[in-house]
Structures are given as C-alpha cells and as structure tokens.
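> Below is one structure. I have some questions about it.
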Amino acid sequence: MTVLDERERLARDLHDSVCQSLFSMAMHTRALELAAAREGCSPDGPLGTGIALLRDLAQEVHAEMRSVLFQLRPDGLRRAGLVAAIREHAEAVARRGGPAVRVIEPQAPLDLDDSTEDELFRVVREAVHNCVKHASARSVEVRFGAQPGTLVVEVADDGCGFSGTEGMGLSSMRDRLARLGGTLVIISSPAGSVVRAVLPT
C-alpha cells in the first residue's frame, strides 16, 4: 500500500467514525439545549451554560477534525487536481480570517502524477501557513510558471520576511521536493518573501 493509499484509508476511517460521532454529539447537545429551554432552564444558569459550552466544544472539535481530513486527503486534489486543491485551501485560509491568497493558474494544464501533486500541495500549504503565522502577511500569491523541462511554483507574500533560522517546516518542504528531484529557493526581505519550488518535468 502506498503512502497516498494509506492516507485515503485513514481519512475514510476517521470520517466514518470520529467525524460522524462528533457531528452526532453536536446535534444531541443542541437537542438538550432546546429541551432545557422548554423546561424553563435559564440559558445563563449552570445547566444552560454547561450545555452551551459542550455544544461549542463539539462544533469546534468537529471543525478541527474536518481540517485534519482535508490535510490527509484534500478533496480538490482528488477531484480536479493540484490547482483546484490550492484554490480550495486559499479559500479556507480566508474563511479563517487569514490574508487573501490569490492563485495565479498555469497557462496550460499540469500533467503531474498523484505523488507529485500530493507533495507539491503540501509544500504550498506549508509555505502559505508560514506566510500567515510567521510573516504577518496581508496578501499572498501562489504562482505557477513553466520553462522547457521545468515547473516552477512560487508562494510570494508582503510580510516581514524570514528570521534567518530554518525550522521544521522549511526542512520538510526541502525534503518533499528532494524526493521529486526538485529544489527549494527562498528569497526573503523585510518587504516580503518568495518561496520557490523548482521541479523537473
């Protein structure tokens, strides 16, 4: 079984068990909240407050689990390829209150195998995460470019640049690209940064 197969199996198992149970928990908690209101319990009393906290916790954990499932098996990646998955992730970043992430699509369709798409998606996701968490960026661009025999994917931001130390995220990105025969190039300044993945095609 390949790594991708194992991720898909794990995503299915989590969806069918934990994710469904969390959804059911949220629904039952909401039903309890309505029943307590019918019995005249104050929503500000100990019982009402406790039920509301439990409902919010169940919804929060359910949302976190959906995020984990997306990381294990991005729906867009399986459904329509790398660019669709990156666009879907960009929209999720914006919904969580992050910066606007603009995806500039390649001029021609990408012809990549599943493993390459998976590794590239995770490189781009990590780069966007760094823009949001560490660079305090207000806007981010994901750009695709191609030269004969080479694919270039860039994540550019208008943030404060890199600290000069390479953490686990950048090391992981380098390792992923190395497995594909590619390289990671970082251009950083106080006015913004570019993380560039260069791959042979």
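None of the figures in this text is laboratory data; all of them are computed from the coordinates on show. Just so you know, these numbers come straight off a predicted model, no measurement behind them. All Cβ positions, glycine included, derive from the backbone under ideal geometry; neighbour counts span all protein chains shown.
> Identify the trypsin sites (Lys or Arg not before Pro) of the range 100-167 meeting these criteria: DSSP loop state and at most 13 other C-beta atoms within 10 Å of the C-beta.
When the trypsin sites (Lys or Arg not before Pro) of the range 100-167 are filtered for loop state and at most 13 Cβ neighbours within 10 Å, Arg138 remain.
> Looking at Met173, Phe121, Ala90, which one has the Cα that reaches farthest to the positive end of the dipole of the range 79-200 (charges on Cβ: Lys, Arg +1; Asp, Glu -1)?
Value computed over the given set: Ala90.
> Assign unit charges at the C-beta atoms only (+1 for Lys and Arg, -1 for Asp and Glu), then state the dipole size of the range 139-201 relative to its Cα centre in Debye, rounded to the nearest 20.
On the way: 5 positive and 6 negative charges, 53 e Å.
Using only the charged Cβ atoms, the result is roughly 260 debye.
> Please list 36-46, 180-190 highest first by mean number of surrounding beta-carbon atoms within 10 Å per residue.
180-190, 36-46
> Express the relative contact order of the range 79-200 as a whole percentage, based on alpha carbon pairs under 8 Å and six or more residues apart in sequence. Each step should come with its number before you reach the end.
Numbers: 197 pairs, mean separation 27.7, N = 122.
About 23 percent, as a whole number.
> Apply the a/c threshold of 1.5 to the C-alpha gyration tensor of the range 110-201 and tell me whether it is rounded, prolate or oblate. Don't skip to the answer; put the middle values down first.
Numbers: a/c = 1.99, a/b = 1.64, b/c = 1.21.
Taking the square roots of the gyration eigenvalues as a ≥ b ≥ c, the range 110-201 is prolate.
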